Amino acid sequence: MSTNTQMTATTIRSSIVVDAPIDRAFRVFTEDFGAFKPASHNLLAVEIAETVFEPHVGGYLYDRGVDGSECRWARVLAYEPPDRVVISWDISPYWQLETDPEKTSEVEVRFVAETDKRTRVELEHRHLDRHGEGWQGLREGVGGEEGWPLYLRRYADVIAKES
Amino acid sequence: MWTALGDPTRKAIFELLLERPRAVVELAGELPVSRPAVSQHLRVLKDVGLVMDQPNGTRRIYRAHPDGLATLRTDLERYWGKTLANYKAVVEQATEESE
């Protein structure tokens, strides 16, 4: 499974080629987002019953838990089937919901037909520095040997769960 | 950075450094690899900004880099790498079924 990835300081780019026509590639990415997003990244307290991607600008991406609770973790900023979709990333570095839109980044996904049966999907997650507010305080707390910030612990948890 | 953590030994080293700072000799003592191999892996982790080091007497102490942006990037890198790989499996399955 080859994903091609490169990064600059505040942007991540990743792309993959799939054996599917562009219309289907776009439809599956949006309608079935819940079918492929990693289960380890669940912001709800309970198991996710479904992930909904509202197919219009101003809509939300949200997870609905088995108990009916909801977590709206992205806003749809652009919706242009079958070429392009842009969503906000309303999740803090602690993997918690970020309620201040100023502190959210954005994800653009572009679909490019390579043939009528093959599509390249290019993903760009940018403006990561917008999440940066508040990191300074964390960094100051790191001075001592015991001051490892919460996000590093959280990260270690994620690695442990995935392996 | 995702690639940097794709190697199981490097991942193990990074996890040990998340727990607490350690010297090469300590890392080698906890893993089934030689000291030169540990140093090699540390160099890669240092190059991508996940690990930093500082001299302490005759040896160097390595620690996970306490930089929020670097950590966030690593985390998201893993997230999107995994998401796209899963997506490929799902979309190609759907295509197969429809043909």
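The values are calculated or read from the model by the stated rules, or taken from the named source; none is laboratory data. Just so we're clear, the structure is a prediction, and the values are computed from it rather than from any experiment. A quick note on method: Cβ atoms are made from the backbone with ideal geometry, for glycine too, and the neighbour counts reach across all protein chains shown.
Do you know which of the residues in the range B:12-37 that are farther than 27 Å from B:Leu72 by Cβ and of a type outside the set (A, V, I, L, M, F, W, C) is surrounded by the most Cβ atoms within 10 Å (Cβ to Cβ)?
Top of the filtered list is B:Glu26.
Residues being in contact with a Lys or Arg (Cβ under 9 Å, 6 or more places away or on another chain), over 23 Å from B:Gly81 (Cα atoms) and within 12 Å of chain A (Cβ to nearest Cβ): count how many of those fall in the range B:17-44.
Residues meeting the conditions: 4.
What tally of residues in the range A:81-94 results from selecting those that are surrounded by fewer than 20 Cβ atoms within 10 Å (Cβ to Cβ) and outside any strand (DSSP E or B)?
The total comes to 5.
More than 30 Å from B:Ala70 (Cα to Cα), surrounded by 17 or more Cβ atoms within 10 Å (Cβ to Cβ) and touching a residue at least 24 places away in the same chain (Cβ under 8 Å): which single residue out of A:Thr104, A:Thr119 fits that description?
Details: A:Thr104 fails: more than 30 Å from B:Ala70 (Cα to Cα).
It is A:Thr119.
Would you mention how many residues in the range A:42-76 are at negative phi, of a type outside the set (A, V, I, L, M) and assigned to a loop (DSSP other than H, G, I, E, B)?
8
Taking the options A:Tyr62, A:Tyr79, name whichever one is at pLDDT 90 or above, aromatic (Phe, Trp, Tyr) and in contact with an Asp or Glu (Cβ under 7 Å, 6 or more places away or on another chain).
On the way: A:Tyr79 fails: in contact with an Asp or Glu (Cβ under 7 Å, 6 or more places away or on another chain).
Residue meeting the stated conditions: A:Tyr62.
Is at least one residue of the range A:12-28 at pLDDT 90 or above, of a type in the set (Phe, Trp, Tyr) and either on the phi > 0 side of the Ramachandran plot or outside any loop (DSSP other than H, G, I, E, B) (or both)?
Yes - at least one qualifying residue is present in the range A:12-28.
I need a count of the residues in the range A:107-116 that are assigned to a strand (DSSP E or B) and touching a residue at least 40 places away in the same chain (Cβ under 8 Å). Steps first, please.
If we filter the range A:107-116 for residues that are assigned to a strand (DSSP E or B), which is where we start, we get A:107-115.
In the following step, the residues that additionally are touching a residue at least 40 places away in the same chain (Cβ under 8 Å) were identified as A:109, A:111-114.
Final tally of qualifying residues: 5.
Return a yes/no flag: does the range B:60-70 have any residue that is closer than 29 Å to A:Ile16 by Cβ, touching a Pro at 6+ places or on another chain (Cβ under 9 Å), within 13 Å of chain A (Cβ to nearest Cβ) and modelled with pLDDT of 85 or more.
There is no residue in the range B:60-70 that is closer than 29 Å to A:Ile16 by Cβ, touching a Pro at 6+ places or on another chain (Cβ under 9 Å), within 13 Å of chain A (Cβ to nearest Cβ) and modelled with pLDDT of 85 or more.
Only residues that are among the polar types (S, T, N, Q) and at pLDDT 90 or above: list them for the range B:71-99, please.
Within the range B:71-99, B:Thr83, B:Asn86 meet the criteria.
Checking B:Gln40 against (1) surrounded by fewer than 15 Cβ atoms within 10 Å (Cβ to Cβ); (2) farther than 24 Å from B:Arg78 by Cα; (3) at pLDDT 90 or above: exactly one of these is not met. Which one?
(2)
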